[in-house]
1. Only one residue in A:LEU171, A:LEU221, A:LEU185, A:LEU237 is away from every other protein chain (no Cβ under 14 Å), surrounded by 19 or more Cβ atoms within 10 Å (Cβ to Cβ) and out of contact with any Ser or Thr (no Cβ under 6 Å at 6 or more places or on another chain). Which one?
2. Which helices (runs of 4 or more DSSP H) does the range A:226-311 wholly contain that include 3 or more residues that are at pLDDT 85 or above?
3. Go through the range B:268-291 and report how many residues are of a type outside the set (A, V, I, L, M) and surrounded by 24 or more Cβ atoms within 10 Å (Cβ to Cβ).
4. Would you point out the residue of the range A:83-130, among those that are assigned to a helix (DSSP H, G or I) and β-branched (Val, Ile, Thr), that is farthest from the other protein chains (Cβ to nearest Cβ)?
5. Give just the number: which of (1) at pLDDT 85 or above; (2) farther than 30 Å from A:THR274 by Cβ; (3) acidic (Asp, Glu) does B:GLU325 not satisfy?
6. Please state which of the following conditions A:LEU173 fails to meet, knowing it meets all the rest: (1) assigned to a loop (DSSP other than H, G, I, E, B); (2) farther than 21 Å from A:MET83 by Cβ.
7. Which condition number in (1) crowded, with 23+ Cβ neighbours inside 10 Å; (2) more than 14 Å from chain A (Cβ to nearest Cβ); (3) modelled with pLDDT of 85 or more is the one that B:LEU218 fails?
8. List every residue pair whose Cβ atoms lie under 9 Å apart, where the two residues are 6 or more positions apart in sequence or sit on different chains, the first residue falls within the range A:163-182 and is among the basic types (Lys, Arg), and the second residue, located anywhere, is surrounded by fewer than 19 Cβ atoms within 10 Å (Cβ to Cβ).
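The values are calculated or read from the model by the stated rules, or taken from the named source; none is laboratory data. Just so we're clear, the structure is a prediction, and the values are computed from it rather than from any experiment. FYI the Cβ positions are ideal-geometry reconstructions off the backbone, even for glycines, and counts take in every protein chain you see.
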Amino acid sequence: MTGLFSEVFLSALLFGAVTAAIPLLLAGLGEQISEKAGVLNIGIEGMMLAGAYLGFVGAFYSGSLWLGFLTGAAGGAAVALVMALLCVRIGLNQIVIGIALTLGLEGLTALLHHFQFSRSYPRLPAADATVIPLLSDIPVIGPAFFKHHLIAYLAVALVFGMGYLYRRTQLGLNLQAAGDKPAALDVAGIDVIRTRTIAVLATGTLAGLGGAYLANVGAGLFIPFITNGAGFLGIVLAMLARGRPVWVLFGALLFGVCLSLTTAMQVAGINIPTDVIQMLPFLAVMIMLVLFGRRASLPAALGIPYERGAR
Amino acid sequence: MSIDTAPSASATALDATSGAATRRDILRRLLMTLGPILVALVIAGCILLAVGVDPLAYYGYVLEKGLFSPLGIQQTLTRMAPLLFLAAGLIVAFRAGMWNLGGDGQFLLGAVTAAASAPVLVEIMPAWLALFCSFLIAMVVAVVWSLVPALLRAYQGVNEIITTLMMTFLGTSLANVLVKLAFRDPGTTVPQTRTLPVEDRLPRLFETTITSGLLLGLAAIIIVHLVMTRTAFGLKLRIVGANPRAAVHSGLGVPGLTVAVFAISAGLAGLAGAVDIIGVQGNVRADWNPAYGLAVIPAVFLARMNGFAAIGFVFLLSVLSIGGESAARRLDVPNHFTLVLVSIVLIVLALAEYFDHRFNQSRKA
């Protein structure tokens, strides 16, 4: 048991937590954009899977992680484009299409993986980390937080970028209006459909990036169903955060710690089913909701397709 | 193919309660269901071609195994039993405007408790009573599981999409913990619950392998449909679903109804788990999660929350999943292709409905 609390172990645990948190963070931030704009994006799990698969394929064949992130983000955006066409442009039911896209991408990526990689199970070399000087020398915390791939820092920076976007920019306000009172936005002369399309595409890009991070940096390989509910966790995070990007970060870290703890327990050979630890973050959040549960401040028009002149 | 859509087509016509369901209307409905499915099959076929599999052979196996072979159709009908219960539960929730996305957690907990209680109970009481009690236990457990999201939504206004999604993650893990720690069969090396002997399971229908759970499922979904469309209680729920504020103003006890909706919806999901275990599987293995809920949710929407149409869609889903499993084995395509097929069918059906609606509107205008 002494090994459990050694410095090395602790920093490895935290390092794992951050690695696990980054995809959740990207998914949560992405989902938040859609939800702000009034689109409940249940297809995000599928977008992450597309990102994970294409991200891996891109990185594997080009040998460049960055190209992998690019193809991953493009893959997520491509799925989002379908979602935007079907749910925003012509207003089909967001839950039907979202779940259908998730099912379809689960199947499609597993299928492609079967024909391409199921015999060899290729792996990517470990991602090279960007070491932040000085800070990374701090014991425990240094190696845990300041030796990650550059994308991880960018994702954290994005939290503050999104905060700025929502509060200070025209686009941010438009997004919010598209979710709260789309008709008012329309009257103000701004295209609701366009605003929501931008939101959904941004969601897909971020989710795809998150998926690519999960496959390329987190795991170093692609396996079917690799996201394992990360997209749905992203939805939970976005809803819990009530529109505030910083809360997505905190939530992602909480879930990241628990995910990392699961692996750490297995490594340490502790005889508790990993399911018990997997339950912890959900238990924590449910208890928080029971104790402090207030009315959710969700956008008024969430999930309702906008049709000009309806009613 | 015509057999599988007939129920949904005639049923949707039935739903046009005005009674003006003409022959032409039925024919149009049939076309509107069959046409999109054909289109979806062609699109999915292109994917099969792209990965080097003969689509005709694949579909041939799907039809043969899922629909036309005696054993296949029996498996298909057996698969329908849990799906029907899940669909019934979702119809109640969605009609009342509550997004119960926690069906899988409720399903698994119902399944695990039924699997744990049934083998014990059959030893101390007559089989029929034991099965009845297991059903009851599964239902109660699922209802209790749904109480947290229900109460949070009813009295605190906490959005139920988050809470039910989280409860489903929790429930999936808890079901695994229960299988591995509490209800584990000491006689096996793989973690699983004790197996219910075949002769103690739900009886099979006549001389077939079809579980009588199918009849229970059909009864459940038809009763739900009738309650929602023909009774005062159903009307109240639909008012809550259509406009919760108006419901408050018309004097309905919305919080109480909310809890009732969750209880019914989760109870039916728990029964779905029980019917799958007591009727078909016999035990629960660790990490077993068929995730039926994810496929049933869009099907219920496409059925427009109509019970009879939902029966048709559930049948279609079962044919695709049973037939797909077998076709995958024989042609060495991973079974995951079924997911792709189901996904394309759902999207094309949704699109077809949209264009049909548009067409009708422009004709009226």
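1. Values: A:LEU171 fails: surrounded by 19 or more Cβ atoms within 10 Å (Cβ to Cβ); A:LEU221 fails: surrounded by 19 or more Cβ atoms within 10 Å (Cβ to Cβ); A:LEU237 fails: away from every other protein chain (no Cβ under 14 Å).
Selected residue: A:LEU185, the only one of A:LEU171, A:LEU221, A:LEU185, A:LEU237 that is away from every other protein chain (no Cβ under 14 Å), surrounded by 19 or more Cβ atoms within 10 Å (Cβ to Cβ) and out of contact with any Ser or Thr (no Cβ under 6 Å at 6 or more places or on another chain).
2. Output list reads A:230-240, A:245-268.
3. The first filter runs over the range B:268-291 and keeps only residues of a type outside the set (A, V, I, L, M), leaving B:270, B:273, B:276, B:279, B:281-283, B:285, B:287-290.
Within this subset, residues satisfying the condition of being surrounded by 24 or more Cβ atoms within 10 Å (Cβ to Cβ) are B:270, B:273, B:276, B:279.
Of the residues in the range B:268-291, 4 are of a type outside the set (A, V, I, L, M) and surrounded by 24 or more Cβ atoms within 10 Å (Cβ to Cβ).
4. First, pick out the residues of the range A:83-130 that are assigned to a helix (DSSP H, G or I): A:83-89, A:94-117.
If we keep only those that are β-branched (Val, Ile, Thr) too, we end up with A:88, A:95-97, A:99, A:102, A:109.
Values: A:VAL88: 13, A:ILE95: 6, A:VAL96: 4, A:ILE97: 6, A:ILE99: 5, A:THR102: 7, A:THR109: 8 Å.
Filtering first and then ranking leaves A:VAL88.
5. (2)
6. All conditions are met except number (1).
7. Just one mismatch for B:LEU218, condition (1).
8. A:ARG167/A:LEU173; A:LYS181/A:ALA300
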